[in-house]
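Chemist: Before I ask anything, here is the structure I am working with.
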There are 2 protein chains.
Amino acid sequence: MAANKKNTTALNEKEGVSQPETLNKEIVKHLKKKQLSVKELVAGILNQNQADLSQAITIIESTAQKHQQQAKEIIEKCLPHANRSIRIGITGVPGVGKSTFIESFGKLLISEGKKVAVLTVDPSSSISKGSILGDKTRMEDLVKEENAFIRPSASGDTLGGVARKTRETIILCEAAGFDVILIETVGVGQSETAVHSMTDFFLLLKLAGAGDELQGIKRGIMEMADSIIINKADGENLKAAKMAKTEFNRALHLYPAKESDWAPKTLLCSAIKNEGISEIWEVIMNYFDTVKSNGYFQYKRKEQNKFWLLQTIESRLKSEFYANAAVKKELENQLNALDKNKTTPFEAAEKLLSITKKK
Amino acid sequence: MAANKKNTTALNEKEGVSQPETLNKEIVKHLKKKQLSVKELVAGILNQNQADLSQAITIIESTAQKHQQQAKEIIEKCLPHANRSIRIGITGVPGVGKSTFIESFGKLLISEGKKVAVLTVDPSSSISKGSILGDKTRMEDLVKEENAFIRPSASGDTLGGVARKTRETIILCEAAGFDVILIETVGVGQSETAVHSMTDFFLLLKLAGAGDELQGIKRGIMEMADSIIINKADGENLKAAKMAKTEFNRALHLYPAKESDWAPKTLLCSAIKNEGISEIWEVIMNYFDTVKSNGYFQYKRKEQNKFWLLQTIESRLKSEFYANAAVKKELENQLNALDKNKTTPFEAAEKLLSITKKK
């Protein structure tokens, strides 16, 4: 409820702001001009050419058979040059100021000599055809920076598909020399979990509210957060933000220690006023010092690779099973029988499993 | 750490207490005497004969082909008489006093005219061959009650297997006229989740401790709890228990509202002194009033059936895939390649999936 209200307010605030020009239009123009070969594209990526990077990502996102083979080759050639960035996941409900935060944060990183890529995982872009994050690239300043690369969410039928494309895009961005990859998402379905599983550090953006804002946090999100940032901590909001900070810190304290040995912290910032941003970056650098020296960084990346391998296998096994026409039909019968207590879940499962065996 | 200490203390306390006679010995004798037919067993179950119920459960737990067919028939015949109990899950680390609590609680229920079955889900009983819950049935008084039925955990290779047998046992117990099924578990692996998925109400038992005891709660367990009971709230412990109650209530308040519309409560009790037990039962009755009138009770049971159906299918699809010899071998290769950044999780998954397709 509270989140909805905030949401509406935030959206109203922004009403009438015209959409900025984005890099993407140039890329589209570029794409129309000339289709480069895999070899040319990879050379361009390694040469840090953003237009070539964009074209390669478009190939990854394509569902055409021809492109899928090309995508494989591009990724394979980029892999030896990947894995060198730090990957930061950023989430928060619409209206919390993610774009403004990423803009301020990204500009700080660039001022420190970093190259910053901003990706998004937003399954709603394919479901509702209206992306929450992708279309309205409000990072007007960041988009102009030479060392920034902003790419809206891939579209796809499933979160799994969208997440896969983003993970492959990370590899390409890393090969193109980006030091920091920011991956933005919103609380749609399991997208936070997906982003958490492809990043090293997970940031939860919140607003200070009526004191009951903790209630609005989706189950599990707090546990994933390596840091909670209370945005819009300025002016009249400041007092409430400080109170929220205390409350969040108390809540974080209630969770068991993380495997990373990192104790999550709550921080305040005002992205629009550019306040508190460097403190956040310091905390993040502290985190990376900690996990790179205790080995958790490397461990987590390997675990993430394993997770995605098994995840992909298991979701494919499932989707192929349930796509079977005979299974589909019998599943309905069995669910019916289950509803009427005429079978047990186990008996029903066995009947269904026997269908694909018979073949 | 704290849990370990408590654990040791609790074990020491009990040292030298001889194991009580349990029903199981009689059952074993009974089993040796005479193997009843499916028809006889079902008649016995419906006639509330505990020895027949026990023999039927033994058949469910058996891995022999012959017994599996019998088990199916027994369950099928019991199903129309099942689903009439309330199912309460109980968890807590060793030393928290689960057995003592169940004994006090069970006796109260029996004094109110209920028939109480106590089952356990304890995958460690098969892994370590030394069950935490099963062997040391310390419910000396409860075991003597005519209207109580206590059955230790089934053994099995996997939690899934153990859970399945317990779920099927619930059906038999319900057919045998038990009104309340208590299902006990300890924090081993995913066993809490399994028990949560087969019960209507989930109780978390805790001890008051040094104030940091909240830290010891495994991720996700607090969110599952419909009530937290702080046991051993007596004598010198009482003050600490009251403080813990405040802290737990605050922590519970931080979670989003439950789908059941039920606001979890923290309660104090001293199972050994029989204090606070009837208050707990009142809260549980309140819960059932709430969820039976708002439809959540029926909804949750249907959802649980669906969950177990899909769960069974998916775990079988996985286990069969990974059991394939060629997959096993190639999985190692692919994990190696992944470690060396020579492949992506998605590419590796495709290679593995193609193995079973070729056949």
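Chemist: So for the stretch B:227-240 (the condition being farther than 15 Å from B:Leu207 by Cα and without any contact (Cβ under 8 Å) to a residue 60 or more places away in the chain), does at least one residue qualify? Can you show your working first?
Modeler: Step one: of the stretch B:227-240, the residues farther than 15 Å from B:Leu207 by Cα are none.
Within the stretch B:227-240, none of the residues are farther than 15 Å from B:Leu207 by Cα and without any contact (Cβ under 8 Å) to a residue 60 or more places away in the chain.
Chemist: Another one. Considering only residues that are more than 14 Å from chain B (Cβ to nearest Cβ) and touching a Gly at 6+ places or on another chain (Cβ under 9 Å), which ones fall in the stretch A:51-93?
Modeler: Listed by number, the residues that qualify are A:Ala51, A:Asp52, A:Leu53, A:Gln55, A:Ala56, A:Thr63, A:Thr91, A:Gly92.
Chemist: Return only the number of the condition from (1) over 13 Å from B:Asp226 (Cα atoms); (2) in contact (Cβ under 8 Å) with a residue 24 or more places away in the chain; (3) surrounded by fewer than 17 Cβ atoms within 10 Å (Cβ to Cβ) that B:Tyr299 does not satisfy.
Modeler: (2)
Chemist: Could we say that A:Ser278 is over 20 Å from A:Lys98 (Cβ atoms) and open to solvent by 30 Å² or more (accessible area, probe 1.4 Å) here?
Modeler: So A:Ser278 fails the test.
Chemist: Which one of the conditions (1) crowded, with 18+ Cβ neighbours inside 10 Å; (2) without any contact (Cβ under 8 Å) to a residue 40 or more places away in the chain; (3) assigned to a helix (DSSP H, G or I) does B:Gln304 fail to meet, given that it meets all the rest?
Modeler: Against the list (1) crowded, with 18+ Cβ neighbours inside 10 Å; (2) without any contact (Cβ under 8 Å) to a residue 40 or more places away in the chain; (3) assigned to a helix (DSSP H, G or I), B:Gln304 comes up short only on (2).
Chemist: Since B:Thr312 meets every condition but one in (1) out of contact with any Gly (no Cβ under 9 Å at 6 or more places or on another chain); (2) at the interface with chain A (Cβ under 8 Å from one of its Cβ atoms); (3) assigned to a helix (DSSP H, G or I), which condition does it not meet?
Modeler: B:Thr312 satisfies all of (1) out of contact with any Gly (no Cβ under 9 Å at 6 or more places or on another chain); (2) at the interface with chain A (Cβ under 8 Å from one of its Cβ atoms); (3) assigned to a helix (DSSP H, G or I) except (1).
Chemist: Residues that are in contact with a helix residue (DSSP H, G or I) (Cβ under 9 Å, 6 or more places away or on another chain) and free of Cβ contacts under 8 Å to residues at least 12 places away in the same chain: does the stretch B:267-280 have at least one?
Modeler: no
Chemist: Does A:Ile27 fit the bill of being open to solvent by less than 90 Å² (accessible area, probe 1.4 Å) and modelled with pLDDT under 95? Reasoning before the result, please.
Modeler: Values: open to solvent by less than 90 Å² (accessible area, probe 1.4 Å): yes; modelled with pLDDT under 95: yes.
Judged against the criteria, A:Ile27 is a match.
Chemist: Scanning for something out of contact with any strand residue (DSSP E or B) (no Cβ under 9 Å at 6 or more places or on another chain), modelled with pLDDT under 95 and open to solvent by 20 Å² or more (accessible area, probe 1.4 Å), does the stretch B:143-152 turn up at least one residue? Even if it seems obvious, please write down each step before you answer.
Modeler: Going residue by residue through the stretch B:143-152, those that are out of contact with any strand residue (DSSP E or B) (no Cβ under 9 Å at 6 or more places or on another chain) are B:144, B:146.
When the remaining residues are screened for being modelled with pLDDT under 95, the result is B:144, B:146.
This time we only want the ones that are open to solvent by 20 Å² or more (accessible area, probe 1.4 Å), so: B:144, B:146.
Scanning the stretch B:143-152, I find at least one residue that is out of contact with any strand residue (DSSP E or B) (no Cβ under 9 Å at 6 or more places or on another chain), modelled with pLDDT under 95 and open to solvent by 20 Å² or more (accessible area, probe 1.4 Å), so the answer is yes.
Chemist: Further question on the same structure: Residue by residue through the stretch B:316-346, note down the ones that are crowded, with 17+ Cβ neighbours inside 10 Å, within 30 Å of A:Leu352 (Cα to Cα) and more than 7 Å from chain A (Cβ to nearest Cβ).
Modeler: Passing the criteria: B:Val327, B:Leu331.
The values are calculated or read from the model by the stated rules, or taken from the named source; none is laboratory data. Please read all numbers here as calculations on a predicted model, not as lab measurements. No Cβ is skipped: glycine too gets one built from the backbone with ideal geometry, and neighbour counts run over all protein chains shown. Ligands, DNA and RNA are stripped out before the accessible areas are found, and what is left, the full protein with its side chains, is counted by its heavy atoms. Shrake-Rupley method; radii C 1.70, N 1.55, O 1.52, S 1.80 Å.
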